[in-house]
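Please read the structure below before turning to the comments.
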Amino acid sequence: MIYFDNVSKIYNDKSVGLDGVTFKIAPSEFVSVVGHSGAGKTTLLKMILAEDKPSTGKVFFESTNVHRLNPKGVVHYRRKIGTVFQDFRLLPNKTVYENIAFAMEAAGRSDEEIEADVPHVLELVDLKHKMWSFPRQLSGGEKQRVAIARAIVNQPDIIIADEPTGNLDPVNTYDIVQILKKVNDLGTTVILTTHNKGVIDSLERRVITMDKGRIVRDDTEGRYVL
Amino acid sequence: MIWTNLKRITKSGFVNFWRNGYVSFASIVVMVVTLFVISSIIFAGSMLTSVLDTLRDKVDVNIYFLNEATEDDVMVVKKHLEALPEVAMTEYISREDALANFELKHQNDEIIMQTLDELGENPLGAVLTVKAKETSQYESIAAYLKSETDSRGNEYNIEKVTYYQNKDAIDALTKIIEASRKLGSIVTIIFVLLSIVITFNTIRLAIYVSREEISVMKLVGASFMYIRGPFVVGGIMSGALSAVITLIVLYPITYWMGPSTERLFAGINIFEYYISNFPQIFIIILASGVGIGAVSSYLAVRKYLAN
């Protein structure tokens, strides 16, 4: 589903983001990417999201080179990906309902679909009672559950979660990981970056360990080097 | 789908405008100032035009005819002059009218009246008053008359043309009028540009606050039109509201300034001007507000869409 072909990213200040990275991710896989700060985890995700371009190498989604897409193509491509971030990135002036509805509107879904799906997805993350709250009225864990609801509402092919538990307490961290596992069990590919050893251990899925822009270990049984 | 998108964009624009209360308020305040500058320029322009028109109307050239000139002589000259594109109008004053005007003007001067009686005949010739469309055109009219007189041996019995006596004054006035118009245009352009730049930067700043929001919208796969639309709607709303506020505020201000402007600027009462030209001013101010708001928002969002 995703293929990195010898991808490197060198920034203008000569710092190395990625250094000759090659790997594949199959459909329905749950892959954790671990590494210290600056190891290249976020750069890797930005490459998948077509937010950043590689200096050399290619990134494929199915058979499409994502960095060859025109702006309109990028818009359509991103609709196949759900994103979850450490800092939640909710739209602050929209309610919980509107935040999720926005993602559906952006994907061209009808008003009827939005009215039916948004309450349903909020029920899945146990936040139906907060439907009309604004993000500022939610706790960190609730915000992250809204972000996950927004990410899954369009039934994307992949969920990309960049340090989703970084700002959360252990209870909320556990909840978020369980939701992501449930989403993966339903067939969605999940790519998760994290520092949290507990999270990786509890998942027992494939782990890619990165250091200084390189993949130093790719283990299907959840082992890693940190 | 286009209709649905348009409805969603408009609704989102309205909701964002309302929820971003402080930012919207700041944009409106700056835009009101901009529109106020534009309206002041409209008023100043009309007053300048009025003053310059009054000055121009005070200038004319008189052609004095000899006593032996017949009415036919004067009419031939009048016809020739009216055929010139530079001539706005001509007025014929017969010998009798010239004498009546003279007597009226000097009715309290006993010596002049006595002298007229002793003469026993009308000493004044007919006069043709010529007004040009622009003061700068008097010279060519005078030159035309001179060449006609020279080539025909004063066939039409012209005694003198006052342009040559008043040439310096007319030239000076022409220069003042031209300089005032140029200066007025330059000042207008500078002020309008400055106001637009200030408004553009305010709106850019307001959208800068939303840059994270724009990046999230991009990540969830929103099209550029869908991201940009609500900001443009917000810009249009700011512009329209600012226009309405400006037009309301102008009413008491022009009412208060009306008598002063009437005294100072050739009888132009700014309040009467505002009321009688309200439809045009309304359209200009509303179009400026909406245009500046929409274009500024469009350009400001473009920067974040490109990144």
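Within the range A:63-87, track down each residue that is more than 10 Å from chain B (Cβ to nearest Cβ) and in contact (Cβ under 8 Å) with a residue 60 or more places away in the chain.
Passing the criteria: A:84, A:86.
Looking only at the range B:202-227, how many residues end up being surrounded by 20 or more Cβ atoms within 10 Å (Cβ to Cβ), within 16 Å of residue B:295 (Cβ to Cβ) and not hydrophobic (A, V, I, L, M, F, W, C)?
Here the count works out to 1.
Looking only at strands (runs of 3 or more DSSP E) that fall completely inside the range A:113-219, which ones have 3 or more residues that are in contact with a Lys or Arg (Cβ under 7 Å, 6 or more places away or on another chain)?
Answer list for the range A:113-219: A:206-211.
May I ask you to say which residue of B:215, B:136 is within 14 Å of chain A (Cβ to nearest Cβ) and of a type in the set (S, T, N, Q)?
From the options B:215, B:136, the qualifying one is B:215.
Just one of (1) within 12 Å of chain B (Cβ to nearest Cβ); (2) part of a loop (DSSP other than H, G, I, E, B); (3) surrounded by fewer than 21 Cβ atoms within 10 Å (Cβ to Cβ) trips up residue A:90, so point out which.
Going through the list (1) within 12 Å of chain B (Cβ to nearest Cβ); (2) part of a loop (DSSP other than H, G, I, E, B); (3) surrounded by fewer than 21 Cβ atoms within 10 Å (Cβ to Cβ), residue A:90 breaks only (3).
Taking the residues in the range B:90-125 that are under 40 Å from the mean Cα position of the chain (by Cα) and among the polar types (S, T, N, Q) as candidates, determine which candidate is surrounded by the most Cβ atoms within 10 Å (Cβ to Cβ).
B:90
Please find, among B:179, B:143, B:206, B:172, the residue that is small (Gly, Ala, Ser) and either outside any helix (DSSP H, G or I) or within 14 Å of chain A (Cβ to nearest Cβ) (or both).
Testing whether each residue is small (Gly, Ala, Ser) and either outside any helix (DSSP H, G or I) or within 14 Å of chain A (Cβ to nearest Cβ) (or both) leaves just B:206.
Which residue out of B:234, B:239, B:229 is within 18 Å of residue B:32 (Cα to Cα) and either within 14 Å of another protein chain (Cβ to nearest Cβ) or over 38 Å from the mean Cα position of the chain (by Cα) (or both)?
B:234
Which condition from (1) surrounded by 19 or more Cβ atoms within 10 Å (Cβ to Cβ); (2) in contact (Cβ under 8 Å) with a residue 12 or more places away in the chain; (3) at the interface with chain B (Cβ under 10 Å from one of its Cβ atoms); (4) not hydroxyl-bearing (Ser, Thr, Tyr) is the one that residue A:105 breaks?
So residue A:105 meets the others, but not (2).
Could you tell me which of the residues B:15, B:33 is modelled with pLDDT of 90 or more, in a helix (DSSP H, G or I) and more than 11 Å from chain A (Cβ to nearest Cβ)?
B:33
I want to confirm something. Restricting to the range A:60-71 and keeping residues that are at pLDDT 90 or above and assigned to a helix (DSSP H, G or I), which single residue is surrounded by the fewest Cβ atoms within 10 Å (Cβ to Cβ)?
A:68
The values are calculated or read from the model by the stated rules, or taken from the named source; none is laboratory data. Remember, predicted model here, so these are calculated numbers, not experimental data. Cβ sites come from the backbone with ideal geometry, for glycine too, and all protein chains shown count toward neighbours.
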